[in-house]
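Engineer: Handing you this structure, nothing more for now.
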Amino acid sequence: MPTAQQKQAAMHAERQNLTQLFTTASNDDLPGFIKALAGQTVHSAVTGYLDGRRRSALHFAAMHWSTRVLEYIESECDEKQLGEMVEMKDKEGVTPLMCLSQGVSGKNQSSLSSSLQLLQKMGCKPDPTTPSSTSALHYAASSCSLPVIKWYLSLPNAEVYLKMKSEAGTPLHWAASSSHPLAPQVIKLLVSSLPALLSSTGGNGLPAIVVAAASSCDGTAAALVDLGCDVGPLLTGGVTLAHIAADNGLINTLNSLMKSEPGRALMQVKNEGGETPLDLAASQGYVGCCCVIMEDEDSTKAEKLIEEKKNEEASEKTSKKTPEPLP
């Protein structure tokens, strides 16, 4: 019968082996991965060893687009085993395909494409969602994982996935709140596939354009305006899209709004505090935004307005601090 010390040593060795398995899967270190298997079959190691979030080595390999490890896993298991492993979910209901779609790897999109093809060979499906109704397409839209997005769009029932709402909204909402440089391209791709997405609302009842502007995502907000989204809805406090864009310094969005009559009309609207978008841009010191709204490339007038606004606000603060004289 093993002693307590021997049991502790065995547990320590197992933990080290587990760490090695996940690390080598993440780093696409195939020789290290094979060594970490320690004589076990790939199937038993992937299904039997899970981290604290219940993620397997396949989750880690998919997340980091580890093509050599993925190819080895695919070659070492039969169809039934692959089907079981590729649909494994962690504590949050995330599958290996969802991990791959999140794009945490610093590798290029060709590595992502190869990794996706290997998961497809294993039998991954587009249908699984987390308990919050988040699919791999939602994650891909946020991370701008183009091969995954294009795969979903090629499916006969692509519209079903495009309309699917998680707690944060449709895949378009997820793309709208992304600051990834490819996000405007993803926006155009999704909308061209289903134009009705422009008017769809998320779990909070807001359209994607408001989500983009409120998230300070200038590129995606401008793309949505250019694609013809409704720019008119008033939000709480009489706030318009132009107010949000001006307050957050979204110069490209303001430029796009100024190209249409409905967008230009927003520049005259005052919120409940009596402020126009120009007032908000001046208060924040956004010279470029002021120039766009004033339609004046010369920054002299904008800088003067900002200075006046600063003095006005300073004067208001001073007057509030000064006590009224006793009667």
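The values are calculated or read from the model by the stated rules, or taken from the named source; none is laboratory data. As the structure is a prediction and not an experimental result, all values here were calculated from the model. When we count neighbours, we look across all protein chains shown, and the Cβ atoms used for this are built from the backbone with ideal geometry, even at glycine. These area figures cover heavy atoms from the full protein model, side chains too; ligands, DNA and RNA do not enter into them. Shrake-Rupley method; radii C 1.70, N 1.55, O 1.52, S 1.80 Å.
Engineer: Sequence neighbours fewer than 8 away in the same chain don't count; with that in mind, list the aspartates and glutamates whose C-alpha is under 18 Å from Lys35.
Structural biologist: Hits, sequence-local ones excluded: Glu14, Glu71, Glu74, Glu76.
Engineer: For the chain, with every protein chain kept in place, what is the accessible area per residue (1.4 Å probe, Å²)?
Structural biologist: In whole numbers, the chain has 50 Å² accessible per residue.
Engineer: So, one more: For Asp218, what accessible area in Å² do you get when you roll a 1.4 Å probe over the heavy atoms of the protein chains, rounding to the nearest 10?
Structural biologist: Near enough 30 Å² of accessible area.
Engineer: Given a Förster radius of 22 Å and the C-beta distance between Asn157 and Lys107 as r, what FRET efficiency does 1/(1 + (r/R0)^6) yield to the nearest 0.05?
Structural biologist: For Asn157 and Lys107, the calculated efficiency is 0.15.
Engineer: Tell me what the chain gives for mean residue ellipticity at 222 nm when only DSSP H runs of n ≥ 4 count, each as -39,500 (n - 2.57), the sum divided by the residue total, rounded to 500 deg cm²/dmol.
Structural biologist: -17000 deg cm²/dmol
Engineer: Only Lys, Arg, Asp and Glu count, each charged at its Cβ (+1, +1, -1, -1), so figure out the dipole size of region 102-245 about its Cα centre, rounded to 20 debye.
Structural biologist: Roughly 420 debye, rounded to the nearest 20.
Engineer: If you don't mind, another one. What percentage of the solvent-accessible surface of region 122-216, computed with a 1.4 Å probe over protein heavy atoms, is contributed by carbon and sulfur atoms?
Structural biologist: 56
Engineer: Follow-up. I need the GluC sites (Glu not before Pro) found in region 259-313, filtered to DSSP loop residues with at most 14 other beta carbons within 10 Å of theirs.
Structural biologist: Listed in order of number, the matching sites are Glu272, Glu295, Glu297.
Engineer: Counting other Cβ atoms within 10 Å, which GluC sites (Glu not before Pro) in region 23-108 have at most 15 and lie in a DSSP loop?
Structural biologist: Those that pass, being in a loop and sparsely packed, are Glu92.
Engineer: Using only alpha carbon pairs under 8 Å that are at least six residues apart, calculate the relative contact order of the chain and give it in whole percent.
Structural biologist: Across the chain, relative contact order equals 9 percent.
Engineer: Per residue of region 202-213, what does 6.51 cos²θ - 1.76 cosθ + 1.60 with θ = phi - 60° give for ³J(HN,Hα)? Whole Hz please, x for Gly and Pro, Karplus curve as stated.
Structural biologist: My calculation for region 202-213 gives x, x, 8, x, 9, x, 4, 5, 5, 4, 5, 5 Hz in order.
Engineer: Check the straight Cα-Cα distances from Lys125 and name the aspartates and glutamates below 12 Å, setting aside those fewer than 8 residues away within the same chain.
Structural biologist: Partners within reach: Glu84, Glu87.
Engineer: Give me the Kirkwood hydrodynamic radius of the chain, using the inverse of the mean 1/r over all pairs of distinct Cα atoms, in Å to one decimal.
Structural biologist: For the chain, the Kirkwood estimate is 22.8 Å.
Engineer: Of Lys165/Lys259; Lys270/Lys304; Lys80/Lys165; Lys80/Lys188; Lys150/Lys259; Lys91/Lys165, which sit over 27 Å apart, Cα to Cα?
Structural biologist: Lys165/Lys259; Lys80/Lys165; Lys80/Lys188; Lys150/Lys259
Engineer: Mean separation of Cα pairs under 8 Å and 6+ residues apart, divided by the residue count of region 103-231: what relative contact order is that in percent?
Structural biologist: 21
Engineer: Which order do the peptides 220-231, 151-162 come out in when sorted by mean C-beta neighbours inside 10 angstrom, highest first?
Structural biologist: 220-231, 151-162
Engineer: If you take every residue apart from Pro184 with its C-beta less than 14 Å away from the C-beta of Pro184, what net charge results, scoring Lys and Arg +1 and Asp and Glu -1?
Structural biologist: -1
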